[in-house]
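Only the coordinates and a few stated rules stand behind these numbers; no lab work does. Quantities reported herein were computed from a predicted structural model and do not represent experimental measurements. All Cβ positions, even for glycine, are placed from backbone atoms using ideal geometry, and neighbour counts span all protein chains on display.
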């Protein structure tokens with residue numbers, strides 16, 4: 001029996017998916033099944049109730065999972081400590097990020113990190129907000145980058161910075177010449193929004209509701225890039241993080257205006273699983289993101 005087999009079993013137990021467990025460990029689904037079968041023979045116990053309806057561990061499987069997590073955490077701590085002693089910063093960091101952070105905030109930080117630690121491989125996946133949380137909790141990734149972080153007793157949240165929200169419109173729009181606008185000025189305007197389940201959309205809805213402003217939602221998208229493209233064709237106005245439109249403002253394909261009613265910010269954060277053993281590389285990566 002090897003540590004790798006126990007890790008595969010724990011990943012399977014947490015994701016409840018042979019496909020995801022295979023992906024996390026970079027092996028085939030067949031290899032996952034073989035390793036689970038090997039553990040069952042080793043312990044002479046059925047570990048998983050094999051049913052098409054729902055994945056479930058047996059009582060023996062639950063016990064093995066709880067002890068295996070302790071073994072893996074101890075092993076990871078040992079590996080991390082040995083790297084510290086040898087002053088080694090290497091390995092792979094798996095990151096899941098929402099589109100806006102991944103495309104506009106993350107690149108300079110990765111460039112800085114890789115310049116300092118060229119032997120570390122940073123693998124980035126672009127995901128919807130809810131999928132970032134799922135990937136972190138399921139050990140598919142090590143670190144997640146999100147906006148408006150949710151509280152979860154299974155997660156550690158590291159606040160990063162705040163991103164100012166601004167109104168954007170087409171350069172020929174009636175509000176394009178204004179450097180600042182009032183929220184009531186948006187009433188009745190055609191509005192390009194994020195999809196309802198996205199945290200930034202929920203925050204913008206609250207800002208508008210608190211000011212008794214009703215806009216006319218004409219399009220809804222799940223990522224910032226499509227929202228901007230829709231505004232560029234004058235399909236409507238929108239409210240977006242200022243850091244995501246720098247290129248369009250420079251090229252004058254969009255116009256922006258700040259709010260006279262007050263400043264509104266989108267908080268950004270890094271999340272990772274509670275009690276996760278962070279490698280020296282992960283700690284340095286988080287330190288660069290924080291600074």
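An ellipsoid equivalent to segment 3-85, defined through the eigenvalues of its Cα gyration tensor, has semi-axes of 24, 15, 11 Å when rounded to whole angstrom and sorted largest first.
State the antiparallel share, in %, of DSSP beta bridges confined to the chain, rounding to the nearest 5. So the antiparallel bridges in the chain amount to around 55 percent. Across the chain, the mean sequence separation of Cα contacts (distance under 8 Å, 6 or more residues apart), normalised by length, yields a relative contact order of 22 percent.
Using every Cα-Cα pair within segment 68-197, state what percent have a distance larger than 25 Å. Beyond 25 Å sits 48 percent of the P(r) for segment 68-197. So between residue 66 and residue 174, what do we pick up on full extension, going 0.36 nm a residue minus the alpha carbon distance? Result: 32.7 nm gained on full extension. Projecting label points 7 angstrom from Cα along Cα→Cβ for residue 182 and residue 123 puts them 5.4 nm apart. Extension gain for the segment residue 131 to residue 26, taken as residue separation times 0.36 nm less the Cα-Cα distance, is 35.8 nm to one decimal.
Relative to the dominant Cα principal axis of the chain, helix 3-15 is inclined by about 50°. With the simple spin-label model, which puts each label point 7 Å out from Cα in the Cβ direction, the residue 79 to residue 116 separation comes to 2.3 nm. Between helix 59-85 and the chain, what is the angle of the helix's C-alpha long axis to the longest principal axis, kept within 0 to 90° and rounded to the nearest 10? Tilt relative to the chain: about 80 degrees. Taking 7 Å steps out from each Cα toward its Cβ at residue 225 and residue 49 produces label points 4.4 nm apart. With 0.36 nm allotted per residue and the present C-alpha distance subtracted, the residue 249-residue 56 stretch has 64.2 nm of extension available.
Annotation for segment 14-33 versus segment 88-130: alpha-carbon center distance of 23 Å.
Please work out whether segment 47-98 counts as rounded, prolate or oblate from its C-alpha gyration tensor, where a ≥ b ≥ c are the square roots of the eigenvalues and a/c under 1.5 means rounded, while otherwise a/b larger than b/c means prolate and anything else oblate? Oblate, since a/c reaches 1.5 and b/c is not below a/b.
A Förster distance of 51 Å, applied to the separation of the beta-carbon atoms of residue 19 and residue 211, puts the FRET efficiency at 0.65.
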